[in-house]
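Right, one structure below, let's go through it.
The values are calculated or read from the model by the stated rules, or taken from the named source; none is laboratory data. It should be emphasised that the depicted structure is a prediction, and the values quoted were computed from it without experimental measurement. Heads up, the Cβs are rebuilt from the backbone with ideal geometry, glycines too, and the neighbour counts pull from every protein chain shown.
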Amino acid sequence: MYQYHSNLLSIPARLLYDDLELMSYDNYNKACTRGKIKRTKEGKGKGNEAFVAFESLDPKIQKVIVEALGPATQASHIIFTDYINYDDAANRFFKEYTLDNGDPLPEKNIKEYIANAQVLNAIGAILNSTMSRRKALGSKVKPWEKIMPILKELPRHTYPHSLPGNEKRLRDKYNLYMKNGYSSLIHSGFGHKNSEKLNDEAKSWVLARWSDRVKKCTGYTQLLREYNQMAGENDWKELKTEQSLINFLTDPKIEPLWYGYRYSELKSKEKYNYQHTTKLPSLRDALWYSDGTKLNYYYQDENGKVKTTQVYEVFDTYSEVFIGYHISDSENFEAQYHAFKMALQISGHKPYEIKFDNQGGTKKLEAQSFLGKLARITTRTAPYNGKSKTIENAFARFQQEYLKQDWFFTGQNIQAKKAESKANMEFILANKKSLPTLEQIKETYKNRRQEWNQGKHPKTGKPRLEMYLNSVNPATPEVSIWDMMDMFWIAREKPITCTAYGIGFKDKNTEYNYMVYNEDRMPDLVWLRQNIDKKFIVKYDPDDMTLIQLYENTPLGLRRVCSAETKVEIHRSQQEKEAWEDQFFKTIDNENKRLRVEARDKMDSILEQHQMRPEDYGLTSPKLMGIETKKKKKGKPETVDDIGQFQKKVSNLVTTIDDDDFSDLM
């Protein structure tokens, strides 16, 4: 029952609380926790039994144990591996040790040296304990003769030591270790600079020559030849092979210095800069990416020339759905505007965050606060950092899996190296006349986008569009008609003056005329009369010019006044008039007359209150021409009541009319 564990005579713990019932299990645990009983072996796991140190027990308990088990000298022989204990001090020493050049020890050597220290510690413990030596080695044999075969049987995968297999050398190693400690275990080759073939001056020249971007060194053969020429002039040691140069330049501490000079700084940045590992969103509309790129189709223009165009895409990161896009020859404000507008119309929700590059028209979008209205957070992607743009990775797969199916595919982007990623220009040029038109590639691209959106997501295996539509993001508000107006309606820089013809302006060589209409879908003539000569800021949707919004400037900013719609036009000739036009004209004419009379009566009432009418001065107020008439009395000359008739008679006279001639007309 006695065994040695951790170099201590031990008994099974169960004797205390189970077999001999010397204490309860709870009291046993409390005694171990408080350090009154020392546990030498844990009992965790199947087949393992807990042991406690015999010497840590109360003398009364020791007496009962001896009576039950017999004297402690009857303990079985100890096992050598029981003396091999974890050495935390050795672990810290070797892991923190640095060589003369500042490098740490290789990991393989660290494990080797720690194992050497632990085995030598075990040998020391056995040699320094009479009882241990007797139990482990036997009392009638020389200790080192017994240790050697035990050492050879140690499993190397568990104890990867490198101690000598020769007794004399092992004893010398042990004595040196006892004298100098852990440092004596480090191989003499470590920490000492061997004779180097390249001195510091030569290294500096090699590094500079290899990094020269103007007079480039083509390879190690040329570098060796030029180095040996320099060696003769500078008393350097000549080299027979390229290996010394290769070893120096490919040293992990040296390579980052020249890598960017030979292969570009961006390549160096990609290879050596820390790269973050990020988690993609788990909800739709949490993050949209937008980017413009080449639309990878050739087409034939109206002049028969082979051309390509561009596409601006808006992409939902969660589902990989292409939400909105616009095809045009440049990545400008118009392309971005239409792509975002389409994305918002399809989504019906504002995204939480948008990431975009700083190309094209994004500065104009920001200047108009467009992106700030569209999303809660707007972020520029880092330039020259394609790995950070999820949309670029997705678009590359879109090209490979979908666009590539069409024979007029241009191939992938310029960085693509595989032959499969390039266009078959020989075939395309042979069929130049059969290339599709711009409208045809737009239709083809639209269909390929739909195939992509309906395709399976690479991680979930579900259709991308299904993932998008089934996801709910509570942090993204729904889009209202007023949101759409605020974000996508364009404001004309110059104000428009209201006239009797309504609101009119010219855009891209096209005339647009608008009128405010009432609930009866008739021109609101009251509003018109009250706003003649007033200036308005006009906002409109470039995709639908049938409706505009009128705003006026106030000290607090723009204030919406009302909407205006395309002005109704009527024909002049009876031949072309439609049935409704006569009634439309008559209704407006009657309303115009009513408003004239109403305005005259209101003003006459005010003048009468202040006795300022013409009649108050003995004169006569004129009638409303075209509305009010005066009948001619018998025996009296004909009078002209209509100002139009008066003007007609004046225009028919050939000679100049003096003031006296007006009497003939009246």
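Need the failing condition index for residue 433 against (1) outside the structural domain of residue 543 (by TED's automatic domain parsing); (2) within 30 Å of residue 346 (Cα to Cα); (3) among the basic types (Lys, Arg), just the number.
Among (1) outside the structural domain of residue 543 (by TED's automatic domain parsing); (2) within 30 Å of residue 346 (Cα to Cα); (3) among the basic types (Lys, Arg), the lone unmet condition for residue 433 is (2).
What single numbered condition from (1) modelled with pLDDT under 90; (2) at positive phi fails to hold for residue 416?
Status for residue 416: all satisfied but (2).
Being in contact with a strand residue (DSSP E or B) (Cβ under 9 Å, 6 or more places away or on another chain), closer than 30 Å to residue 427 by Cα and surrounded by 12 or more Cβ atoms within 10 Å (Cβ to Cβ) is the requirement here; does residue 298 meet it?
For residue 298, the condition - in contact with a strand residue (DSSP E or B) (Cβ under 9 Å, 6 or more places away or on another chain), closer than 30 Å to residue 427 by Cα and surrounded by 12 or more Cβ atoms within 10 Å (Cβ to Cβ) - is met.
Where in region 149-245 are the helices (runs of 4 or more DSSP H), entirely inside, with at least 2 residues that are more than 30 Å from residue 260 (Cα to Cα), out of contact with any Gly (no Cβ under 9 Å at 6 or more places or on another chain) and among the acidic types (Asp, Glu)?
So the answer is 167-180.
Where residues in region 539-563 are within 20 Å of residue 338 (Cβ to Cβ) and touching a residue at least 24 places away in the same chain (Cβ under 8 Å), which of them is surrounded by the fewest Cβ atoms within 10 Å (Cβ to Cβ)?
So, considering only residues that are within 20 Å of residue 338 (Cβ to Cβ) and touching a residue at least 24 places away in the same chain (Cβ under 8 Å), the one surrounded by the fewest Cβ atoms within 10 Å (Cβ to Cβ) is 543.
Filter region 103-144 down to the residues that are more than 16 Å from residue 81 (Cα to Cα), modelled with pLDDT under 90 and β-branched (Val, Ile, Thr) and list them by number.
Answer for region 103-144, where residues must be more than 16 Å from residue 81 (Cα to Cα), modelled with pLDDT under 90 and β-branched (Val, Ile, Thr): 130, 141.
I'd like to verify a number: residues in region 147-180 that are touching a Pro at 6+ places or on another chain (Cβ under 8 Å) and modelled with pLDDT under 90, how many?
Final tally of qualifying residues: 0.
If we scan region 250-262, do we find a residue that is at pLDDT 90 or above, surrounded by 11 or more Cβ atoms within 10 Å (Cβ to Cβ) and either in contact with a His (Cβ under 9 Å, 6 or more places away or on another chain) or in a loop (DSSP other than H, G, I, E, B) (or both)?
yes
Could you tell me whether residue 566 is free of Cβ contacts under 8 Å to residues at least 40 places away in the same chain and β-branched (Val, Ile, Thr)? Can you show your working first?
Details: free of Cβ contacts under 8 Å to residues at least 40 places away in the same chain: no; β-branched (Val, Ile, Thr): yes.
Considered against the rule, which asks whether it is free of Cβ contacts under 8 Å to residues at least 40 places away in the same chain and β-branched (Val, Ile, Thr), residue 566 comes out as no.
Name every residue in region 428-457 that is within 18 Å of residue 399 (Cα to Cα) and free of Cβ contacts under 8 Å to residues at least 60 places away in the same chain, in order of residue number.
443, 446, 447, 448, 450, 451, 454, 455, 456
Going by what's in this entry, would residue 578 be described as over 26 Å from residue 484 (Cα atoms) and either exposed (fewer than 15 other Cβ atoms within 10 Å of the Cβ) or hydrophobic (A, V, I, L, M, F, W, C) (or both)?
yes
Can you pull out the residues in region 347-365 that are on the phi < 0 side of the Ramachandran plot and modelled with pLDDT of 75 or more?
Hits for region 347-365 are 347, 349, 350, 351, 352, 353, 354, 355, 356, 357.
Which members of region 514-537 meet the condition of being modelled with pLDDT under 95 and under 30 Å from residue 336 (Cβ atoms)?
The answer is 537, and nothing else.
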